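What follows is one structure encoded as structure tokens, with my remarks underneath.
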Amino acid sequence: TATVTTATADPVGMNNTATATTTLLSPAAVGATKSAAGAFIPGSLVTYTVVLSNAGPAAQSDNPGDEFVDVMPAQVSVDSATASSGTAAVSGGTVTWNGAIAAAGSVTITINATVNSNAFGLIDNQGTINYDSNGDGSNDAIALTDNPALPGAADPTGFYIAQQIPTLGPLGLFLLAVGLIAIWYRRERVAPR
């Protein structure tokens, strides 16, 4: 509000004050961690836990578009996704989440997946957070999930699949022993003396 005064008489004193209203845009600051738990062998279940946190100072609204997108590694099959608030969805190998996060609040997304039978080696990935960094009602900034078990920021979350070594039952061990004895016996018979 601004007011103008004068030392001389003003015949129209009602127009000496003006008010203008300005809307201040307040941003959100959203980051996320992603961890994995399970047996990490082919055919086993893996549970990914993603925690989206808003450091504020304003709430992150449920703006147009996905607030979280996670294209899962090809070596796992997504079974389901749930969230503590908002809506988690699975489409093929991609998990999405839409919803709002209060200032200083968080949302937990749980992704259940199965390690494919032919998976091996390192399996890792990161999800993408889309958020409103300037308070204008649209998601204009992105961030990547971070593995909290590693130092630094924006580390991928992953695990190693070890090759499984087949085991033999009693019959298999017996046949292996018979085969080894036969090889030894044959070598002894043909070995020069």
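For Cα pairs less than 8 Å apart in space and 6+ apart in sequence, what is the mean separation divided by the residue count of the chain, i.e. the relative contact order in percent? Please list the in-between numbers first.
Numbers: 415 pairs, mean separation 44.0, N = 193.
Computed over the chain, the figure is 23 percent.
Using a Förster distance of 45 Å, how high is the FRET efficiency between Ala177 and Phe40, based on the Cβ-Cβ distance and rounded to 0.05? Intermediate results must be reported in sequence, preceding the final value.
Details: r = 33 Å, r/R0 = 0.74.
Efficiency at R0 = 45 Å is approximately 0.85.
Across all Cα pairs in the chain, the calculated P(r) in 5 Å bins from zero up to the longest distance comes to 1, 7, 12, 13, 11, 8, 6, 5, 5, 5, 5, 4, 4, 4, 3, 2, 1, 1, 0, 0, 0, 0, 0, 0, 0, 0, 0, 0 percent per bin. Accessible surface of Ser117, taken over heavy atoms with a 1.4 Å probe and every protein chain present, rounds to 110 Å².
Helical content alone sets the calculated 222 nm signal of the chain at -4000 deg cm²/dmol, taking -39,500 (n - 2.57) per DSSP H segment of four or more residues and averaging over every residue.
Rounded to whole Å, give me the distance from the Cα center of segment 105-148 to that of segment 34-68. So the separation of the two Cα centres works out to 5 Å.
If DNA, RNA and ligands are ignored and the probe is 1.4 Å, what is the ranking of Asp62, Asp70 by accessible area, most exposed first?
Details: Asp62 90, Asp70 0 Å².
Of Asp62, Asp70, the descending order of accessible area is Asp62, Asp70.
The modelled label-to-label distance for the pair Thr167/Asn15, using points 7 Å beyond Cα in the direction of Cβ, is 9.5 nm. With K and R counted +1 and D and E -1, the other residues having a Cβ less than 15 Å from that of Ala182 yield a net charge of +2.
Computed from the C-beta positions of Arg187 and Ala74 and an R0 of 45 Å, the FRET efficiency is 0.45 to the nearest 0.05. Electrostatic bookkeeping for Tyr48 treats Lys and Arg as +1 and Asp and Glu as -1; over the other residues with beta carbon under 9 Å from its beta carbon, the sum is 0. Taking amide H as placed 1.01 Å from N in the peptide plane, Ala29 has its amide H under 5 Å from the amide H of Ala55, Gly56, Ala58, each at least 5 places away in sequence or on another chain.
Take the solvent-accessible surface of the protein heavy atoms, probe 1.4 Å, and return the percent of it on segment 1-134 that carbon and sulfur atoms account for.
Numbers: 3900 of 6990 Å².
Percent of accessible area from carbon and sulfur atoms in segment 1-134: 56.
How far is helix 170-190 tilted off the main Cα axis of the chain, in degrees rounded to 10, range 0 to 90? Roughly 50 degrees, rounded to the nearest 10.
Counting only protein chain heavy atoms and rolling a 1.4 Å probe, the accessible areas of Ser91, Ser80 rank, largest first, as Ser91, Ser80.
The values are calculated or read from the model by the stated rules, or taken from the named source; none is laboratory data. Bear in mind that the values here come from a model prediction, so they are computed numbers and not experimental data. Neighbour counts run over all protein chains shown; Cβ positions are idealised from the backbone, glycine included. These area figures cover heavy atoms from the full protein model, side chains too; ligands, DNA and RNA do not enter into them. Shrake-Rupley method; radii C 1.70, N 1.55, O 1.52, S 1.80 Å.
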